[in-house]
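This report refers to the structure that appears directly beneath it.
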Amino acid sequence: MARWTVDSIHWENFDRSKVDPDLLILAKTASVVEYNSADYVTYLRNVFKGDEEFCQAVDVWGEEEIQHGLALAKWAELADPSWNFERALERFRQSFQVDLNAAESIRGSRSAELVARCMVEVGTTTYYSSLRDAASEPVFKEICHLIAVDEIHHYNLFYRTLPKYLQLDPLTKWQRAKVAFSRALEAEDEELLYAYAATNTTAPVTKENLPIYLREYMGRTMPLYTHKNFLKGMNLAVRAIGAERLKWLPGLITNLALAIFKLKARTFNRARARAVYEEALLMPLRYEST
Ligand SMILES: [Fe+2]
Ligand SMILES: [Fe+2]
(Lines give C-alpha, C1' and ligand atoms only; values in the text may rest on other atoms or scores of the structure.)
(Ligands and ions follow the chains in the order given, each with its own letter.)
Protein backbone atom coordinates (compact mmCIF):
# COMPACT_ATOMS: atom_id res chain seq x y z
CA MET A 1 0.00 0.00 0.00
CA ALA A 2 1.24 3.50 -0.85
CA ARG A 3 2.67 5.46 2.11
CA TRP A 4 0.65 8.54 1.08
CA THR A 5 -1.93 9.59 -1.48
CA VAL A 6 -2.49 12.70 -3.58
CA ASP A 7 -5.43 13.55 -1.29
CA SER A 8 -3.34 13.27 1.90
CA ILE A 9 -1.10 16.16 0.76
CA HIS A 10 -1.80 19.43 2.62
CA TRP A 11 -3.03 21.37 -0.43
CA GLU A 12 -4.59 24.01 1.82
CA ASN A 13 -1.05 25.27 2.59
CA PHE A 14 -0.44 26.28 -1.04
CA ASP A 15 1.10 29.76 -1.26
CA ARG A 16 1.14 31.21 -4.78
CA SER A 17 3.51 34.01 -3.80
CA LYS A 18 6.24 31.44 -3.08
CA VAL A 19 6.09 29.59 -6.40
CA ASP A 20 9.49 29.66 -8.11
CA PRO A 21 9.00 29.79 -11.92
CA ASP A 22 12.15 27.71 -12.57
CA LEU A 23 11.03 24.97 -10.16
CA LEU A 24 7.59 25.05 -11.76
CA ILE A 25 9.23 24.24 -15.11
CA LEU A 26 11.05 21.30 -13.50
CA ALA A 27 7.85 20.07 -11.79
CA LYS A 28 5.98 20.06 -15.12
CA THR A 29 8.85 18.12 -16.74
CA ALA A 30 9.01 15.52 -13.95
CA SER A 31 5.22 15.01 -13.86
CA VAL A 32 5.03 13.38 -17.30
CA VAL A 33 8.19 11.29 -16.86
CA GLU A 34 6.96 9.90 -13.54
CA TYR A 35 3.49 9.26 -14.92
CA ASN A 36 4.92 7.35 -17.88
CA SER A 37 6.38 4.67 -15.58
CA ALA A 38 3.72 2.16 -16.61
CA ASP A 39 5.86 1.41 -19.68
CA TYR A 40 8.75 0.46 -17.43
CA VAL A 41 6.51 -1.87 -15.41
CA THR A 42 5.81 -3.82 -18.63
CA TYR A 43 9.52 -3.94 -19.38
CA LEU A 44 10.55 -5.11 -15.90
CA ARG A 45 7.77 -7.70 -15.85
CA ASN A 46 9.20 -9.10 -19.12
CA VAL A 47 12.78 -9.13 -17.85
CA PHE A 48 11.89 -10.77 -14.52
CA LYS A 49 9.23 -13.14 -15.88
CA GLY A 50 8.78 -16.11 -13.55
CA ASP A 51 9.68 -14.18 -10.38
CA GLU A 52 6.09 -13.45 -9.39
CA GLU A 53 6.95 -12.01 -5.97
CA PHE A 54 9.28 -9.44 -7.52
CA CYS A 55 6.83 -8.70 -10.36
CA GLN A 56 4.12 -7.90 -7.81
CA ALA A 57 6.52 -5.53 -6.05
CA VAL A 58 7.22 -3.93 -9.44
CA ASP A 59 3.47 -3.34 -9.89
CA VAL A 60 3.37 -1.43 -6.58
CA TRP A 61 6.53 0.46 -7.58
CA GLY A 62 4.84 1.48 -10.85
CA GLU A 63 1.71 2.69 -9.05
CA GLU A 64 3.85 4.82 -6.74
CA GLU A 65 5.75 6.35 -9.69
CA ILE A 66 2.41 7.21 -11.35
CA GLN A 67 1.30 8.82 -8.09
CA HIS A 68 4.46 10.95 -8.12
CA GLY A 69 3.43 12.18 -11.57
CA LEU A 70 -0.12 12.95 -10.46
CA ALA A 71 0.96 14.89 -7.36
CA LEU A 72 3.44 16.99 -9.35
CA ALA A 73 0.84 17.56 -12.08
CA LYS A 74 -1.80 18.69 -9.60
CA TRP A 75 0.66 21.11 -8.01
CA ALA A 76 1.78 22.46 -11.40
CA GLU A 77 -1.86 23.03 -12.46
CA LEU A 78 -2.47 24.86 -9.19
CA ALA A 79 0.63 27.02 -9.63
CA ASP A 80 -0.10 27.69 -13.30
CA PRO A 81 -3.86 27.40 -14.02
CA SER A 82 -3.20 27.89 -17.76
CA TRP A 83 -1.23 24.61 -17.85
CA ASN A 84 -3.01 21.34 -18.55
CA PHE A 85 -1.38 18.05 -17.58
CA GLU A 86 -3.42 15.87 -19.95
CA ARG A 87 -2.49 18.04 -22.93
CA ALA A 88 1.19 18.11 -21.92
CA LEU A 89 1.22 14.34 -21.46
CA GLU A 90 -0.32 13.84 -24.89
CA ARG A 91 2.36 16.07 -26.45
CA PHE A 92 5.09 14.16 -24.60
CA ARG A 93 3.78 10.78 -25.75
CA GLN A 94 3.56 11.98 -29.33
CA SER A 95 7.13 13.25 -29.32
CA PHE A 96 8.84 10.46 -27.39
CA GLN A 97 8.39 6.69 -27.31
CA VAL A 98 10.69 4.07 -25.88
CA ASP A 99 10.83 0.49 -27.03
CA LEU A 100 10.50 -1.35 -23.77
CA ASN A 101 9.05 -4.57 -25.11
CA ALA A 102 12.40 -6.32 -24.86
CA ALA A 103 12.20 -9.82 -23.35
CA GLU A 104 15.69 -9.46 -21.85
CA SER A 105 17.34 -6.63 -19.99
CA ILE A 106 18.86 -3.96 -22.19
CA ARG A 107 21.66 -3.91 -19.57
CA GLY A 108 22.80 -7.42 -20.50
CA SER A 109 21.58 -9.39 -17.46
CA ARG A 110 19.01 -9.23 -14.69
CA SER A 111 21.61 -8.40 -12.07
CA ALA A 112 22.89 -5.54 -14.26
CA GLU A 113 19.27 -4.38 -14.65
CA LEU A 114 18.90 -4.21 -10.86
CA VAL A 115 22.12 -2.21 -10.48
CA ALA A 116 20.83 0.21 -13.14
CA ARG A 117 17.45 0.47 -11.39
CA CYS A 118 19.23 1.23 -8.09
CA MET A 119 21.05 4.06 -9.88
CA VAL A 120 17.80 5.50 -11.24
CA GLU A 121 16.39 5.61 -7.71
CA VAL A 122 19.63 7.13 -6.38
CA GLY A 123 19.25 9.83 -9.02
CA THR A 124 15.61 10.52 -8.22
CA THR A 125 15.96 10.61 -4.43
CA THR A 126 18.93 12.99 -4.78
CA TYR A 127 17.01 15.14 -7.24
CA TYR A 128 13.80 15.43 -5.20
CA SER A 129 15.73 16.08 -1.96
CA SER A 130 17.51 18.92 -3.78
CA LEU A 131 14.23 20.28 -5.17
CA ARG A 132 12.70 20.13 -1.68
CA ASP A 133 15.60 22.07 -0.18
CA ALA A 134 15.55 24.66 -2.99
CA ALA A 135 11.78 25.24 -2.78
CA SER A 136 10.03 27.65 -0.46
CA GLU A 137 6.44 26.92 -1.54
CA PRO A 138 5.17 24.65 1.29
CA VAL A 139 3.08 22.19 -0.76
CA PHE A 140 5.83 21.66 -3.34
CA LYS A 141 8.29 21.12 -0.49
CA GLU A 142 5.98 18.49 1.01
CA ILE A 143 5.48 16.69 -2.32
CA CYS A 144 9.22 16.60 -3.06
CA HIS A 145 9.94 15.25 0.41
CA LEU A 146 7.32 12.49 0.06
CA ILE A 147 8.68 11.53 -3.35
CA ALA A 148 12.32 11.59 -2.16
CA VAL A 149 11.43 9.14 0.64
CA ASP A 150 9.52 6.88 -1.78
CA GLU A 151 12.56 6.78 -4.08
CA ILE A 152 14.71 5.46 -1.23
CA HIS A 153 12.15 2.69 -0.66
CA HIS A 154 12.35 1.93 -4.40
CA TYR A 155 16.15 1.79 -4.19
CA ASN A 156 15.80 -0.67 -1.29
CA LEU A 157 13.44 -2.87 -3.32
CA PHE A 158 15.98 -3.25 -6.15
CA TYR A 159 18.99 -3.44 -3.81
CA ARG A 160 17.38 -6.19 -1.66
CA THR A 161 16.62 -8.23 -4.79
CA LEU A 162 20.16 -7.90 -6.16
CA PRO A 163 21.98 -10.67 -4.15
CA LYS A 164 19.62 -13.37 -5.44
CA TYR A 165 20.26 -12.39 -9.08
CA LEU A 166 24.00 -11.93 -8.54
CA GLN A 167 24.06 -15.66 -7.78
CA LEU A 168 22.25 -16.45 -11.05
CA ASP A 169 23.95 -13.81 -13.23
CA PRO A 170 27.26 -13.02 -11.48
CA LEU A 171 28.86 -9.63 -11.98
CA THR A 172 32.22 -8.45 -10.68
CA LYS A 173 32.30 -5.21 -8.71
CA TRP A 174 34.03 -3.61 -11.67
CA GLN A 175 31.19 -4.70 -13.99
CA ARG A 176 28.64 -3.35 -11.50
CA ALA A 177 30.52 -0.06 -11.41
CA LYS A 178 30.48 0.12 -15.23
CA VAL A 179 26.71 -0.45 -15.35
CA ALA A 180 26.16 2.15 -12.63
CA PHE A 181 28.39 4.70 -14.33
CA SER A 182 26.79 4.27 -17.75
CA ARG A 183 23.30 4.58 -16.23
CA ALA A 184 24.34 7.71 -14.34
CA LEU A 185 25.52 9.27 -17.61
CA GLU A 186 22.01 8.81 -18.98
CA ALA A 187 20.81 11.51 -16.57
CA GLU A 188 20.88 13.85 -19.55
CA ASP A 189 18.97 11.37 -21.69
CA GLU A 190 16.46 12.35 -24.34
CA GLU A 191 13.39 11.32 -22.34
CA LEU A 192 13.88 14.21 -19.91
CA LEU A 193 14.62 16.69 -22.66
CA TYR A 194 11.53 15.76 -24.65
CA ALA A 195 9.54 15.95 -21.41
CA TYR A 196 10.89 19.44 -20.77
CA ALA A 197 9.93 20.59 -24.27
CA ALA A 198 6.51 18.92 -24.35
CA THR A 199 5.47 20.38 -21.01
CA ASN A 200 7.01 23.85 -21.20
CA THR A 201 7.01 25.03 -24.79
CA THR A 202 4.30 25.53 -27.37
CA ALA A 203 6.43 25.13 -30.52
CA PRO A 204 6.62 21.65 -32.10
CA VAL A 205 9.04 19.37 -30.21
CA THR A 206 11.88 18.41 -32.54
CA LYS A 207 15.10 16.41 -32.37
CA GLU A 208 17.00 19.36 -33.89
CA ASN A 209 16.16 21.47 -30.85
CA LEU A 210 17.55 18.95 -28.33
CA PRO A 211 20.64 21.13 -27.58
CA ILE A 212 18.28 23.99 -26.66
CA TYR A 213 16.18 21.74 -24.43
CA LEU A 214 19.38 20.43 -22.80
CA ARG A 215 20.59 23.96 -22.09
CA GLU A 216 17.22 25.06 -20.68
CA TYR A 217 16.63 21.95 -18.59
CA MET A 218 20.12 21.23 -17.26
CA GLY A 219 20.84 24.94 -16.72
CA ARG A 220 18.03 24.93 -14.17
CA THR A 221 18.70 21.48 -12.70
CA MET A 222 22.44 21.32 -12.12
CA PRO A 223 22.78 24.29 -9.70
CA LEU A 224 20.18 22.72 -7.36
CA TYR A 225 22.37 19.89 -6.08
CA THR A 226 23.89 20.40 -2.65
CA HIS A 227 26.88 18.55 -1.22
CA LYS A 228 24.77 17.02 1.57
CA ASN A 229 22.11 15.57 -0.73
CA PHE A 230 24.58 14.41 -3.35
CA LEU A 231 26.78 12.66 -0.77
CA LYS A 232 23.75 10.77 0.60
CA GLY A 233 22.97 9.59 -2.93
CA MET A 234 26.57 8.55 -3.56
CA ASN A 235 26.59 6.44 -0.39
CA LEU A 236 23.65 4.51 -1.85
CA ALA A 237 25.32 4.29 -5.28
CA VAL A 238 28.53 2.87 -3.81
CA ARG A 239 26.48 0.24 -1.94
CA ALA A 240 24.79 -0.75 -5.21
CA ILE A 241 28.16 -1.57 -6.77
CA GLY A 242 29.32 -3.43 -3.64
CA ALA A 243 32.13 -0.99 -2.82
CA GLU A 244 30.83 0.24 0.54
CA ARG A 245 34.16 -0.64 2.18
CA LEU A 246 35.78 2.22 0.24
CA LYS A 247 34.63 4.88 2.69
CA TRP A 248 36.41 7.66 0.77
CA LEU A 249 34.65 6.89 -2.54
CA PRO A 250 31.25 8.63 -2.05
CA GLY A 251 32.98 11.86 -0.99
CA LEU A 252 35.39 11.75 -3.93
CA ILE A 253 32.60 11.13 -6.48
CA THR A 254 30.51 13.89 -4.88
CA ASN A 255 33.30 16.47 -5.09
CA LEU A 256 34.14 15.52 -8.68
CA ALA A 257 30.53 15.42 -9.87
CA LEU A 258 29.59 18.73 -8.25
CA ALA A 259 32.66 20.42 -9.74
CA ILE A 260 31.63 19.14 -13.21
CA PHE A 261 28.00 20.22 -12.61
CA LYS A 262 29.20 23.71 -11.66
CA LEU A 263 31.19 24.08 -14.87
CA LYS A 264 28.42 22.65 -17.05
CA ALA A 265 25.74 24.76 -15.37
CA ARG A 266 27.84 27.88 -16.03
CA THR A 267 28.15 26.95 -19.72
CA PHE A 268 24.42 26.20 -20.06
CA ASN A 269 23.38 29.36 -18.26
CA ARG A 270 25.74 31.56 -20.28
CA ALA A 271 24.18 30.10 -23.43
CA ARG A 272 20.69 30.74 -22.01
CA ALA A 273 21.55 34.36 -21.22
CA ARG A 274 23.06 34.82 -24.71
CA ALA A 275 19.91 33.40 -26.32
CA VAL A 276 17.69 35.83 -24.39
CA TYR A 277 19.97 38.70 -25.42
CA GLU A 278 19.99 37.68 -29.11
CA GLU A 279 16.22 37.31 -29.08
CA ALA A 280 15.90 40.80 -27.61
CA LEU A 281 18.14 42.19 -30.37
CA LEU A 282 15.81 40.77 -33.00
CA MET A 283 12.69 42.27 -31.44
CA PRO A 284 11.41 45.21 -33.49
CA LEU A 285 11.79 48.51 -31.64
CA ARG A 286 8.53 49.86 -30.34
CA TYR A 287 8.04 53.59 -29.92
CA GLU A 288 5.37 54.97 -27.69
CA SER A 289 3.21 57.40 -29.65
CA THR A 290 2.72 60.61 -27.79
FE1 LIG B 1 9.36 8.65 -8.83
FE1 LIG C 1 11.25 5.56 -7.93
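Descriptive notes on the structure:
- Any hit, the stretch 129-147, residues being touching a Cys at 6+ places or on another chain (Cβ under 6 Å), surrounded by 23 or more Cβ atoms within 10 Å (Cβ to Cβ) and part of a helix (DSSP H, G or I): yes
- Residues of the stretch 80-108 satisfying the condition of being farther than 24 Å from PRO204 by Cα and aliphatic (A, V, I, L, M): LEU100, ALA102, ALA103, ILE106
- Residues satisfying the stated conditions in the stretch 61-119, i.e. among the aliphatic types (A, V, I, L, M), away from ligand 2 (no atom under 16 Å from the Cβ) and at pLDDT 95 or above: ALA73, ALA76, LEU78, ALA79, ALA88, LEU89, ALA112
- Qualifying position, being in a helix (DSSP H, G or I), over 21 Å from VAL33 (Cβ atoms) and among the small types (Gly, Ala, Ser), among ALA177, ALA184: ALA177
- Of all the numbered requirements in (1) within 14 Å of ligand 2 (Cβ to nearest atom); (2) without any contact (Cβ under 8 Å) to a residue 40 or more places away in the chain; (3) surrounded by fewer than 18 Cβ atoms within 10 Å (Cβ to Cβ), GLN167 misses one, and that requirement is (1).
- Test for VAL238: is it farther than 20 Å from LEU131 by Cβ and assigned to a loop (DSSP other than H, G, I, E, B): no
- Filtering the stretch 102-122 to residues that are buried (at least 19 other Cβ atoms within 10 Å of the Cβ) and either under 16 Å from the mean Cα position of the chain (by Cα) or outside any helix (DSSP H, G or I) (or both) leaves SER105, SER109, ALA116, ARG117, CYS118, MET119, GLU121, VAL122.
- Tally of residues being touching a residue at least 24 places away in the same chain (Cβ under 8 Å) and either basic (Lys, Arg) or within 16 Å of ligand 1 (Cβ to nearest atom) (or both) across the stretch 35-46: 8
- Residue in the stretch 8-22 that is among the aliphatic types (A, V, I, L, M) and closer than 30 Å to ASN101 by Cα present: no
- Evaluation of ALA203 against (1) hydrophobic (A, V, I, L, M, F, W, C); (2) modelled with pLDDT of 95 or more; (3) loosely packed, with under 15 Cβ neighbours inside 10 Å (one fails), failing number: (2)
- Residues (touching a residue at least 60 places away in the same chain (Cβ under 8 Å) and either more than 16 Å from ligand 2 (Cβ to nearest atom) or within 20 Å of the chain's Cα centre (by Cα) (or both)) located in the stretch 47-57: VAL47, PHE48
- Residue within the stretch 19-39 that is at pLDDT 95 or above and basic (Lys, Arg) present: yes
- Flag for ASN209 being at pLDDT 95 or above, over 26 Å from PRO81 (Cα atoms), surrounded by fewer than 18 Cβ atoms within 10 Å (Cβ to Cβ) and not β-branched (Val, Ile, Thr): no
- Some residue of the stretch 217-227 being out of contact with any Pro (no Cβ under 9 Å at 6 or more places or on another chain), under 30 Å from LEU24 (Cα atoms) and not in a helix (DSSP H, G or I): yes
The values are calculated or read from the model by the stated rules, or taken from the named source; none is laboratory data. Since the structure is predicted, the reported quantities are computational estimates derived from the model, not experimental observations. Positions of Cβ are generated from backbone atoms using ideal geometry, with glycine treated the same way; all protein chains shown enter the neighbour counts.
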